[in-house]
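Participant: There's a structure below that I have some questions on.
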Amino acid sequence: MKILIILITLWAAILPSFSADKLEMKTDVSFGYTFLSSEDSPYFKNHYDFSNGAMLQDLKMVVRNPDAGSWFGTMSLESRAGDRLDTGRVVRFSLKKAGRYSFTLKQSWNRDFFADAAYNYGANNRNLTRNNVSAEFRWTGFKNFALIAEYGLVETKGTGNQPYTEWNDIYALRLNRDISRERYTAGLDYHKGAFKLMLRQSWVTVDEKSRYQDGTVSGTGLSTFDTALTPSRSGTVESTILISSARLEYAGNSWWASVRYSHSDATIDNDVVDLKQYVFSDYGSRTDFLMTFAGSSDAPVDDAGLSVSVQAMDSLVVSYDLNWRELKTDTMLNSERTMMLYGTSDSPLVTASNSTDSGFYYHNRRLNHGLSFKYQPQRQWDVTLSLRQVDGNLRHSASEDGETDGIIDEDYTTNRVEFAGRYRLSAGSVKASVFHESIDNPVYRTAGDKRDGFSISGDWMISDSVSWNVVYQDATLKDDNPTLLLNRDTTLLDSSFQFTLTKGAALGVGYTLMKLDFSNNLLFNEDEVPVSSAEAYNTDQSGVYAFGSFTANRFTGRVSFFYLDDSGSSFPLSHWNGVASCQYKISRTLYGLLSVRYYDYNEDASNVRDYNVNQFVVGIRWLFQ
Amino acid sequence: MKARLCFSFLFAVMVCVALSVPVLGNVGDDSCLECHDGVQAAIARTPHVAANKVSCEACHGVGDAHADDPSVDNIRSFRRSSSKQVMATCTKCHTDKHALMSSHLSNGRACLECHSLGHSSTFTENGKRPERASLKDVSANLCTRCHAGEKAKMNRPFHHPSDDFDNVCLSCHNPHETRAELLRKAVDQKCAICHPEAGGPFMYVHLGTQNRGCSECHDPHGSTNPNLLNRSSTRFLCLSCHSDTPDFHNLADPKYRQCTSCHSAIHGSNTSNLFME
């Protein structure tokens, strides 16, 4: 919250220099306190931040300066410093002067929390914070030109597990995650008439400095050995990326064209040292594995694009898009692996190490073509035919100590055709589309060679107070290979009614159906005996939702409710989420706030992860103008 | 003499024609506000003000006739305008937008599907939220009014942070340039903005992230599965593409049932071309 305090101080420092009667000021602030009750804290299987405490629910301060000669026109500060009804905290500050400049600073914190010992053996548990800072300054004081300066920082920090397999067992390694991505960008825009040119140059660094937490980790018990693992790590993976991009646009009366090119030049340096010490509890012996990596990689990316749209006739628009993208990585990595067998003594009985110089060259070139025809003879209806092709080539070349280990050079292609139409009625519209996609798989991808799907949707204003909308989508992924028997079928139906009951009161109800059927034959050998088995996954989710709002005298309220039930065979569960909030106007500037949330999660197969939460928020809102 | 007579005759004709044609002219904002006084306070909060050289008639056309006969038929009203008519007006100033850049700009009422009329800044939540860019709604409701399928997904237990402060959709999508966005399928590049641990760059790249991007395995709009995955278990995901796993991967054995237990760096690795770290 340091940045919020700094900005409020800055705010307080700037404003006294202006005569108050010349400024239009508005302040809107809500404070509150959250009470929480839960059956099974602190385990929550969702993305909500359910926690107790005082909070700044909402802050908005806006100052408008009508004085044309002043150095600023609008200044605003907005913040949510602890909105418990959904995750995340945010501060945003902006300063603008029309025709001169604009400046925006934003910082947001989002929590990424997950805790489930049963899911992937607990290896995905995490409690991370994503801190995102961005600043943008745009100077528009020169005719036709805009100068741009941007800064961005994203940090992922906190604790998070990583799965690891050794000795026929799986360990959930505990890491203190520390990954950051920092970006500086300078840019220039030139805009005259129908012509526009945008130039950008960015300098990006990505640092990965995650460390194992102190302590030992036990295996999940899949092995006959009973082991305790003590890991440690040092070193970093550092990447520097230079990104240059240019974009040219021309917007004519009946056509529009854009040409884009960007070149990204990345260098990755890896000097990680990773030590894993295993103690075999049954035998009292210890074995260490020390891995030392030293190497670097060049990873240039070239990206070019062309888009042209032409209003060929009053009723016909023809569009063509082309995108060419090429990624190469050229890696030389030395890895030294040392195994130390200690037995039951404190000094190693056997030490064996080997050092390998691994070379790896990766090259993925992809060319996309897109062509579409939109025919609209009348305002009431239009049809669109779209054709897309992805044409790619993948090359691998691996070597160990100078000897080539494997080479891959394969082409892949995806073709997609889609036909869509829309018909507008006097009080609504109907849309429909159908597509087919054929996939000539790249190497390693051995399943799924065609996708098909369709969708139909509509909206209708039944009367002045009732409207209805509906969408139905179906998509399948299949494979012609009879031994695979791959089938993936997804269905979505959503339909809702909205009612305007009286002035100031509205209500909506809806139903959602989401189904997924997946089946696939597996082909593998076990003890050199071919084995065939089938894997299947099935979900059948039905959701009901309702929402409403009302205003009556001094009361303003909102309610929303959602219920989901998955009766599929693979992961059946049910989930409730209901929120009611109201605001009471105490005086012209003072309001009382009350919110209630009920959240409930139940899995059918086991009640280990089930929980429910009741959350109450009380607060005061002060509006000053 | 004849020439003089001809000139006089032509001059007389021109004067008669000029006098017979009503001359249309701008009446100025003050004349408009005499009747439409309710918009004055709202328009002051938008960029559509005289200080930015925007007058009522810049959008609604000359108001002379309308001032004489206040009917909606003799002034440019946007309530029943087509997308072309709306775009023609808005792009006079907002020249960086073009109807052919995005399907959003050529359907319905174009700009006015999402932005309120230039002088009616809509305050949402009973005036709590600011009138950012004159949007009808600053939350994701702006998009999910039409994209109902995405709204259904956002109601699932796992979804991206979404509240009334910001429109979460705009974190990833640019509604003014849908065509370029869909073609490039640069989904992985968008995700890396907030997820640097998965965005790379990597020495060893997973091809799965290169074509359809992260959405090959994750559903960014919402999921009932942790990590926004399309399946409750990773093996169902991996098998969608990799059906012929090497022989020793006996999926009946518990330790092979979660592929990422070994292939833990599945987004990309800096130590292993098999994504095992």
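Participant: Testing A:F93 on (1) surrounded by 18 or more Cβ atoms within 10 Å (Cβ to Cβ); (2) at pLDDT 80 or above; (3) within 8 Å of chain B (Cβ to nearest Cβ), one condition comes back false. Which one is that?
Facilitator: (3)
Participant: What number of residues within the stretch A:264-287 are surrounded by fewer than 17 Cβ atoms within 10 Å (Cβ to Cβ), under 18 Å from A:S355 (Cα atoms) and touching a residue at least 40 places away in the same chain (Cβ under 8 Å)?
Facilitator: Final tally of qualifying residues: 1.
Participant: Quick check on my filter: what residues within the stretch A:516-533 are touching a Ser or Thr at 6+ places or on another chain (Cβ under 9 Å) and at pLDDT below 75?
Facilitator: Passing the criteria: A:N521, A:L522, A:L523, A:F524, A:S532.
Table: residues versus (1) at pLDDT 90 or above; (2) charged (D, E, K, R); (3) buried (at least 16 other Cβ atoms within 10 Å of the Cβ).
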residue: A:S355; (1), (2), (3): yes, no, no
residue: A:Y362; (1), (2), (3): yes, no, yes
residue: A:R365; (1), (2), (3): yes, yes, yes
residue: A:G370; (1), (2), (3): yes, no, yes
residue: A:F373; (1), (2), (3): yes, no, no
residue: A:L385; (1), (2), (3): yes, no, no
residue: A:Q389; (1), (2), (3): yes, no, no
residue: A:E400; (1), (2), (3): no, yes, no
residue: A:E403; (1), (2), (3): no, yes, no
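Listed here are the residues, each with its yes/no results for (1) under 28 Å from the mean Cα position of the chain (by Cα); (2) under 23 Å from B:H94 (Cβ atoms); (3) in a strand (DSSP E or B).
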residue	(1), (2), (3)
A:S180	yes, no, yes
A:F225	no, no, no
A:A228	no, no, yes
A:P231	no, no, yes
A:T240	yes, no, yes
A:S244	yes, no, yes
A:Y250	no, yes, yes
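Participant: Quick test of your reading of the structure: A:S570 fulfils all but one of (1) of a type outside the set (D, E); (2) at the interface with another protein chain (Cβ under 9 Å from one of its Cβ atoms); (3) surrounded by fewer than 18 Cβ atoms within 10 Å (Cβ to Cβ). Name the failing condition by number.
Facilitator: Condition not satisfied by A:S570: (3).
Participant: Just to be sure, is A:G557 over 22 Å from A:N52 (Cα atoms), in contact with a Lys or Arg (Cβ under 9 Å, 6 or more places away or on another chain) and touching a residue at least 12 places away in the same chain (Cβ under 8 Å)?
Facilitator: no
Participant: For the stretch B:67-92, give me the residue count where each residue is touching a residue at least 12 places away in the same chain (Cβ under 8 Å), buried (at least 16 other Cβ atoms within 10 Å of the Cβ) and more than 23 Å from A:S426 (Cβ to Cβ).
Facilitator: Looking only at that region, the number is 4.
Participant: Scan the stretch B:200-212 for residues that are at pLDDT 85 or above, more than 7 Å from every other protein chain (Cβ to nearest Cβ) and either farther than 15 Å from A:I408 by Cβ or part of a helix (DSSP H, G or I) (or both) and jot them down.
Facilitator: Answer for the stretch B:200-212, where residues must be at pLDDT 85 or above, more than 7 Å from every other protein chain (Cβ to nearest Cβ) and either farther than 15 Å from A:I408 by Cβ or part of a helix (DSSP H, G or I) (or both): just B:F202.
Participant: Could you please let me know if A:D610 is buried (at least 18 other Cβ atoms within 10 Å of the Cβ), within 30 Å of A:T539 (Cα to Cα), touching an Asp or Glu at 6+ places or on another chain (Cβ under 9 Å) and touching a residue at least 24 places away in the same chain (Cβ under 8 Å)?
Facilitator: Spelling it out, it is not the case that A:D610 is buried (at least 18 other Cβ atoms within 10 Å of the Cβ), within 30 Å of A:T539 (Cα to Cα), touching an Asp or Glu at 6+ places or on another chain (Cβ under 9 Å) and touching a residue at least 24 places away in the same chain (Cβ under 8 Å).
Participant: Moving on. Among the residues in the stretch A:192-214, are any surrounded by 18 or more Cβ atoms within 10 Å (Cβ to Cβ), within 11 Å of chain B (Cβ to nearest Cβ) and among the small types (G, A, S)?
Facilitator: Scanning the stretch A:192-214, I find at least one residue that is surrounded by 18 or more Cβ atoms within 10 Å (Cβ to Cβ), within 11 Å of chain B (Cβ to nearest Cβ) and among the small types (G, A, S), so the answer is yes.
Participant: I'd like the full set of residues that are at the interface with chain A (Cβ under 7 Å from one of its Cβ atoms) and not polar (S, T, N, Q), limited to the stretch B:215-234.
Facilitator: Passing the criteria: B:P226, B:R231.
Participant: What is the one condition in (1) surrounded by 17 or more Cβ atoms within 10 Å (Cβ to Cβ); (2) at the interface with chain B (Cβ under 8 Å from one of its Cβ atoms) that A:A98 does not satisfy?
Facilitator: The single condition A:A98 does not satisfy is (1).
Participant: Can you tell me which residue among A:R183, A:R177, A:R111 is touching a Ser or Thr at 6+ places or on another chain (Cβ under 7 Å), modelled with pLDDT under 90 and surrounded by 17 or more Cβ atoms within 10 Å (Cβ to Cβ)?
Facilitator: Just a single option satisfies the conditions, and that option is A:R111.
Participant: Quick one: A:L477 ticks every box in (1) closer than 30 Å to B:N273 by Cα; (2) away from chain B (no Cβ under 11 Å); (3) part of a strand (DSSP E or B) except a single one, so which number is it?
Facilitator: Single failed check for A:L477: (2).
Participant: Among the candidates A:D382, A:D409, A:D391, A:D405, which residue alone is more than 11 Å from every other protein chain (Cβ to nearest Cβ), more than 28 Å from the chain's Cα centre (by Cα) and assigned to a strand (DSSP E or B)?
Facilitator: Sole residue among the options that is more than 11 Å from every other protein chain (Cβ to nearest Cβ), more than 28 Å from the chain's Cα centre (by Cα) and assigned to a strand (DSSP E or B): A:D409.
The values are calculated or read from the model by the stated rules, or taken from the named source; none is laboratory data. The model shown is predicted, which means the values in this text are computed figures rather than measured ones. So basically every Cβ, Gly included, is an ideal-geometry build from the backbone, and we count neighbours across all protein chains shown.
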